[in-house]
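Comments concern the structure below.
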Amino acid sequence: MGFFDGLWPGRAAQFDSGNSTSSAIVLTKRNATVSLNKQGALSGNLRVNLSWRMRTSDIEGRSRRSGRLRHPLQFFQPEVVQAHTQGVVNVDLDLGCMYELADGTKGVVQPLGSLIGDLNGPPYIRLSGDDRFGAPSGETVYVNLDQRDQIKRLLFFVYIYDRTPAFDRTHAKVTLYPGNGPRIEIELDERAPQARSCAVFTVENVKDELIVRREVKFVYGFQSELDRLYGYGMQWGRGYKSRT
(Lines give C-alpha, C1' and ligand atoms only; values in the text may rest on other atoms or scores of the structure.)
Protein backbone atom coordinates (compact mmCIF):
# COMPACT_ATOMS: atom_id res chain seq x y z
CA MET A 1 0.00 0.00 0.00
CA GLY A 2 1.35 3.34 -0.98
CA PHE A 3 -0.67 4.57 2.01
CA PHE A 4 1.94 3.02 4.33
CA ASP A 5 4.84 4.88 2.80
CA GLY A 6 3.74 8.20 4.24
CA LEU A 7 2.20 6.95 7.45
CA TRP A 8 5.14 8.00 9.60
CA PRO A 9 7.17 10.58 7.66
CA GLY A 10 10.90 10.44 8.29
CA ARG A 11 10.67 7.17 10.14
CA ALA A 12 12.12 5.06 7.35
CA ALA A 13 15.56 6.50 8.07
CA GLN A 14 15.85 4.33 11.17
CA PHE A 15 15.90 1.13 9.12
CA ASP A 16 19.25 -0.56 8.52
CA SER A 17 19.88 -1.70 4.97
CA GLY A 18 22.28 -4.47 5.91
CA ASN A 19 25.63 -5.25 4.35
CA SER A 20 24.87 -6.35 0.78
CA THR A 21 28.49 -6.21 -0.36
CA SER A 22 29.31 -9.64 1.07
CA SER A 23 28.72 -12.78 -0.95
CA ALA A 24 25.21 -14.16 -0.60
CA ILE A 25 24.16 -17.35 1.18
CA VAL A 26 21.66 -19.22 -1.02
CA LEU A 27 19.35 -21.58 0.87
CA THR A 28 18.41 -24.72 -1.08
CA LYS A 29 16.76 -28.08 -0.34
CA ARG A 30 20.15 -29.57 0.47
CA ASN A 31 21.42 -26.57 2.41
CA ALA A 32 18.23 -25.34 4.02
CA THR A 33 19.36 -23.68 7.27
CA VAL A 34 21.65 -20.93 8.48
CA SER A 35 22.35 -19.60 11.97
CA LEU A 36 22.19 -15.84 12.37
CA ASN A 37 24.33 -16.24 15.49
CA LYS A 38 27.16 -17.82 13.54
CA GLN A 39 26.93 -15.04 10.95
CA GLY A 40 27.24 -12.42 13.69
CA ALA A 41 23.88 -10.97 12.68
CA LEU A 42 22.09 -10.54 15.99
CA SER A 43 21.67 -6.77 16.22
CA GLY A 44 19.97 -4.00 14.31
CA ASN A 45 17.17 -4.67 11.87
CA LEU A 46 16.80 -7.74 9.71
CA ARG A 47 15.40 -6.58 6.36
CA VAL A 48 13.34 -9.15 4.44
CA ASN A 49 12.61 -8.23 0.83
CA LEU A 50 10.31 -9.82 -1.75
CA SER A 51 10.94 -9.11 -5.43
CA TRP A 52 9.62 -10.71 -8.61
CA ARG A 53 9.65 -10.54 -12.38
CA MET A 54 7.25 -11.76 -15.06
CA ARG A 55 8.03 -13.74 -18.20
CA THR A 56 7.58 -11.79 -21.45
CA SER A 57 5.42 -14.62 -22.80
CA ASP A 58 2.82 -13.76 -20.17
CA ILE A 59 2.84 -10.10 -21.14
CA GLU A 60 3.19 -10.06 -24.89
CA GLY A 61 1.34 -13.27 -25.68
CA ARG A 62 1.17 -14.65 -29.14
CA SER A 63 2.98 -11.79 -30.85
CA ARG A 64 6.18 -12.76 -29.04
CA ARG A 65 5.73 -16.44 -29.83
CA SER A 66 5.07 -15.76 -33.51
CA GLY A 67 8.21 -13.61 -33.61
CA ARG A 68 10.21 -16.53 -32.32
CA LEU A 69 8.94 -18.69 -35.15
CA ARG A 70 10.72 -16.32 -37.52
CA HIS A 71 13.84 -16.47 -35.32
CA PRO A 72 14.07 -20.08 -34.03
CA LEU A 73 17.22 -19.46 -31.99
CA GLN A 74 15.23 -17.17 -29.70
CA PHE A 75 13.59 -20.26 -28.22
CA PHE A 76 16.88 -20.91 -26.45
CA GLN A 77 17.04 -17.38 -25.02
CA PRO A 78 14.39 -17.08 -22.26
CA GLU A 79 13.46 -13.47 -21.61
CA VAL A 80 12.10 -11.80 -18.52
CA VAL A 81 11.05 -8.24 -17.84
CA GLN A 82 10.60 -6.25 -14.67
CA ALA A 83 6.93 -5.54 -14.01
CA HIS A 84 6.97 -1.83 -13.24
CA THR A 85 3.44 -0.59 -13.81
CA GLN A 86 -0.11 -1.85 -13.85
CA GLY A 87 -0.18 -1.12 -17.55
CA VAL A 88 2.48 -3.76 -18.12
CA VAL A 89 1.01 -6.61 -16.09
CA ASN A 90 -1.56 -7.07 -13.33
CA VAL A 91 0.52 -8.87 -10.71
CA ASP A 92 0.36 -8.56 -6.95
CA LEU A 93 2.41 -10.82 -4.71
CA ASP A 94 2.30 -9.92 -1.02
CA LEU A 95 4.83 -10.60 1.73
CA GLY A 96 3.63 -11.40 5.24
CA CYS A 97 4.92 -12.74 8.54
CA MET A 98 3.16 -14.82 11.19
CA TYR A 99 4.75 -14.52 14.61
CA GLU A 100 4.73 -16.07 18.05
CA LEU A 101 6.39 -14.09 20.82
CA ALA A 102 8.06 -15.46 23.93
CA ASP A 103 5.01 -14.55 26.04
CA GLY A 104 2.72 -16.60 23.77
CA THR A 105 1.28 -13.68 21.78
CA LYS A 106 0.49 -14.65 18.19
CA GLY A 107 -0.40 -12.54 15.19
CA VAL A 108 0.41 -11.58 11.62
CA VAL A 109 2.00 -8.64 9.80
CA GLN A 110 0.69 -8.24 6.24
CA PRO A 111 -0.81 -5.71 3.78
CA LEU A 112 -4.35 -7.08 4.12
CA GLY A 113 -6.19 -5.48 7.00
CA SER A 114 -3.50 -2.80 7.45
CA LEU A 115 -1.63 -5.10 9.85
CA ILE A 116 1.71 -3.36 9.46
CA GLY A 117 3.07 -4.10 12.94
CA ASP A 118 5.50 -2.10 15.07
CA LEU A 119 9.28 -2.14 15.06
CA ASN A 120 9.95 -0.62 18.50
CA GLY A 121 7.15 -2.41 20.38
CA PRO A 122 5.49 -5.84 20.12
CA PRO A 123 5.67 -7.67 17.76
CA TYR A 124 8.98 -5.91 16.83
CA ILE A 125 8.14 -6.51 13.17
CA ARG A 126 6.97 -3.91 10.66
CA LEU A 127 5.84 -3.95 7.04
CA SER A 128 7.13 -1.04 4.97
CA GLY A 129 4.95 -0.45 1.94
CA ASP A 130 2.97 -2.69 -0.38
CA ASP A 131 4.41 -3.12 -3.87
CA ARG A 132 1.52 -4.04 -6.18
CA PHE A 133 3.37 -4.00 -9.48
CA GLY A 134 6.77 -5.67 -8.99
CA ALA A 135 8.82 -2.49 -8.70
CA PRO A 136 12.58 -2.96 -8.21
CA SER A 137 12.31 -2.11 -4.50
CA GLY A 138 9.77 -4.89 -3.95
CA GLU A 139 8.08 -5.37 -0.58
CA THR A 140 9.97 -5.25 2.71
CA VAL A 141 9.39 -6.42 6.28
CA TYR A 142 11.76 -5.39 9.08
CA VAL A 143 12.50 -7.41 12.25
CA ASN A 144 14.11 -5.74 15.26
CA LEU A 145 16.83 -8.21 16.24
CA ASP A 146 17.72 -6.11 19.29
CA GLN A 147 14.49 -7.59 20.71
CA ARG A 148 15.26 -11.14 19.58
CA ASP A 149 14.72 -12.50 23.11
CA GLN A 150 11.05 -11.51 22.75
CA ILE A 151 10.61 -13.55 19.56
CA LYS A 152 9.91 -17.30 19.70
CA ARG A 153 9.29 -18.05 16.02
CA LEU A 154 8.41 -16.39 12.71
CA LEU A 155 6.94 -17.68 9.46
CA PHE A 156 7.49 -15.54 6.38
CA PHE A 157 5.10 -16.26 3.54
CA VAL A 158 4.06 -14.93 0.14
CA TYR A 159 0.51 -15.00 -1.18
CA ILE A 160 -1.24 -14.01 -4.38
CA TYR A 161 -3.76 -11.20 -4.19
CA ASP A 162 -6.92 -11.19 -6.35
CA ARG A 163 -6.67 -11.46 -10.16
CA THR A 164 -2.96 -12.25 -10.12
CA PRO A 165 -1.15 -14.77 -12.36
CA ALA A 166 -0.06 -17.99 -10.69
CA PHE A 167 3.33 -18.51 -9.08
CA ASP A 168 4.64 -20.43 -12.08
CA ARG A 169 4.35 -17.27 -14.19
CA THR A 170 6.59 -15.25 -11.89
CA HIS A 171 10.26 -15.36 -10.92
CA ALA A 172 10.04 -14.53 -7.22
CA LYS A 173 12.86 -14.26 -4.69
CA VAL A 174 13.01 -13.44 -1.00
CA THR A 175 16.24 -11.90 0.29
CA LEU A 176 17.25 -11.40 3.92
CA TYR A 177 19.60 -8.51 4.71
CA PRO A 178 20.94 -8.79 8.29
CA GLY A 179 22.46 -5.74 9.93
CA ASN A 180 25.81 -7.55 9.63
CA GLY A 181 27.10 -10.35 7.44
CA PRO A 182 26.09 -11.71 4.02
CA ARG A 183 22.58 -11.52 2.61
CA ILE A 184 20.53 -14.72 2.47
CA GLU A 185 18.59 -15.59 -0.70
CA ILE A 186 15.66 -17.95 -1.22
CA GLU A 187 14.24 -18.55 -4.69
CA LEU A 188 10.60 -19.53 -5.12
CA ASP A 189 11.64 -21.83 -7.95
CA GLU A 190 9.35 -24.83 -7.43
CA ARG A 191 6.47 -24.49 -9.87
CA ALA A 192 2.95 -24.85 -8.46
CA PRO A 193 0.52 -23.44 -11.06
CA GLN A 194 -2.61 -23.57 -8.89
CA ALA A 195 -1.04 -22.53 -5.58
CA ARG A 196 -2.19 -19.32 -3.92
CA SER A 197 0.30 -19.11 -1.05
CA CYS A 198 3.83 -20.18 -0.20
CA ALA A 199 5.58 -20.63 3.15
CA VAL A 200 9.04 -19.27 2.30
CA PHE A 201 11.11 -19.57 5.47
CA THR A 202 10.95 -19.74 9.25
CA VAL A 203 13.03 -18.13 11.97
CA GLU A 204 13.15 -19.98 15.29
CA ASN A 205 14.75 -19.00 18.57
CA VAL A 206 16.33 -22.26 19.74
CA LYS A 207 18.18 -21.83 23.02
CA ASP A 208 19.02 -18.21 22.16
CA GLU A 209 20.17 -19.16 18.65
CA LEU A 210 18.20 -17.74 15.71
CA ILE A 211 17.89 -20.39 13.00
CA VAL A 212 16.64 -19.48 9.51
CA ARG A 213 15.15 -22.47 7.67
CA ARG A 214 14.10 -22.56 4.02
CA GLU A 215 10.60 -23.97 3.55
CA VAL A 216 9.26 -23.06 0.06
CA LYS A 217 6.04 -25.01 0.61
CA PHE A 218 3.18 -24.08 -1.73
CA VAL A 219 -0.44 -24.46 -0.68
CA TYR A 220 -3.70 -24.01 -2.57
CA GLY A 221 -5.36 -21.91 0.10
CA PHE A 222 -4.40 -18.74 1.91
CA GLN A 223 -3.11 -17.73 5.34
CA SER A 224 -5.45 -20.05 7.25
CA GLU A 225 -4.00 -23.07 5.45
CA LEU A 226 -0.45 -21.96 6.22
CA ASP A 227 -1.53 -21.46 9.83
CA ARG A 228 -2.84 -25.03 10.06
CA LEU A 229 0.35 -26.34 8.46
CA TYR A 230 2.58 -24.61 11.02
CA GLY A 231 0.29 -24.73 14.03
CA TYR A 232 -0.22 -21.07 14.93
CA GLY A 233 -3.89 -21.60 15.81
CA MET A 234 -5.23 -18.16 14.86
CA GLN A 235 -8.69 -17.18 13.60
CA TRP A 236 -8.89 -15.87 10.04
CA GLY A 237 -11.41 -13.84 8.08
CA ARG A 238 -11.67 -12.20 4.67
CA GLY A 239 -9.34 -9.21 4.30
CA TYR A 240 -9.14 -6.35 1.82
CA LYS A 241 -6.68 -3.68 0.74
CA SER A 242 -7.36 0.04 0.62
CA ARG A 243 -7.88 1.42 -2.88
CA THR A 244 -4.75 3.38 -3.81
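Rank these by accessible area, largest first, 1.4 Å probe: GLU204, GLU185, GLU225, GLU139.
Largest accessible area first, the list is GLU204, GLU225, GLU185, GLU139.
Of the listed peptides 93-101, 186-194, 118-126, what is their order by residue-averaged count of other C-beta atoms within 10 Å, with the highest listed first?
Top of the packing list down: 93-101, 118-126, 186-194.
The values are calculated or read from the model by the stated rules, or taken from the named source; none is laboratory data. The structure displayed is predicted, hence computed values, not measured ones. When we count neighbours, we look across all protein chains shown, and the Cβ atoms used for this are built from the backbone with ideal geometry, even at glycine. Areas reflect the complete protein model, heavy atoms only, side chains present, ligands, DNA and RNA absent. Shrake-Rupley method; radii C 1.70, N 1.55, O 1.52, S 1.80 Å.
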